[in-house]
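The values are calculated or read from the model by the stated rules, or taken from the named source; none is laboratory data. Note that the coordinates shown come from a computational prediction; the quantities given were computed from them, not determined experimentally. Ideal geometry is used to build each Cβ from the backbone, glycine not excepted, and the neighbour counts take in all protein chains shown. For the accessible areas, the whole protein counts, side chains as well, though only heavy atoms, and no ligand, DNA or RNA atoms are used. Shrake-Rupley method; radii C 1.70, N 1.55, O 1.52, S 1.80 Å.
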Amino acid sequence: GLIPAEGSVRFDGAEIAGLGAPDIMARGLIHVPEGRRIFPNMSVRENLELGSYRRARARRAVNLERAFAIFPRLKEREKQFAGTLSGGEQQMLAIGRGLMAEPRLIIMDEPSLGLSPLLVEEMFALVARIASEGLAVMLVEQNVVQSLELASRAYVLENGAVVMQGQADALKRDPKLMTTYLGM
């Protein structure tokens, strides 16, 4: 709901800057925040159900089964307190909760943060799978190499300003990106 200092924030052709979070969410723009922000003293199932509290409530049961199909580990831990899950499982839960709202665009903020290298690989594979099923994904991620492998378009930010942008394939071959940001 913040208003930018300049420019505009548009989603599906409509200005959304200044709208409240419920109005933005109602349009189908869902944010999976950095740091997971799960409810640790609620069960896995309860956390997932909260994802459909304001949007897609009528299809909660179907979406819950879909979330469990995508994340079988969450099904195994359905009644467990979310705070007792591993970091990777908590990230799955945060993404699953976002998917419960049937987003038209899901923004994932640093989904690989704090995960082991193996879980990072799994997380990127999951993001690729979600995108391949037709859901628009905006990935905010510091892992440049893996992000560019699955992105179609990319923006490189430095101190809040866009310093590079373009097709991901072209950017990953750009010498400036390789030397300045990847240390190659």
Given springs between every Cα pair under 10 Å in a Gaussian network model of the chain, which of SER147, SER116, SER43 has the largest fluctuation?
SER116
Volume of the Cα convex hull of the range 1-84, divided per residue and given in Å³:
121
Using only the Cα atoms of the range 145-184, build the gyration tensor, take square roots of its eigenvalues as a ≥ b ≥ c, and label the shape rounded, prolate or oblate: rounded if a/c is under 1.5, else prolate if a/b is larger than b/c, else oblate.
oblate
Highest-MSF residue in the chain out of VAL44, VAL156, VAL137 [GNM, Cα springs under 10 Å]:
VAL156
Once the range 77-168 is represented by equal point scatterers at the alpha-carbon sites, with solvent omitted, what log10 I(q)/I(0) does the Debye formula produce at q = 0.16, 0.20 Å⁻¹?
-0.71, -1.04
For the pair VAL162/THR180, report the inter-label distance in nm, with labels modelled 7 Å from Cα in the Cβ direction.
1.5
Using a Gaussian network model of the chain with C-alpha springs under 10 Å, which one of ALA161, ALA131, ALA151 is most mobile by mean-square fluctuation?
ALA161
Which order do ILE70, ILE106 take by accessible area at a 1.4 Å probe, largest first?
ILE70, ILE106
Measure off, as a whole percent, the carbon and sulfur share of the 1.4 Å-probe accessible area of the chain, all protein chains present.
54
Expressed in square angstrom to the nearest 10, the accessible area of SER152 with a 1.4 Å probe stands at 90
Could you order peptides 33-41, 93-101 by the average number of other Cβ atoms within 10 Å of their residues, highest first?
93-101, 33-41
What percent does the relative contact order of the chain come to when contacts are Cα pairs within less than 8 Å and at least six residues apart?
19
Share of Cα-Cα pairs in the chain beyond 31 Å, in percent?
20
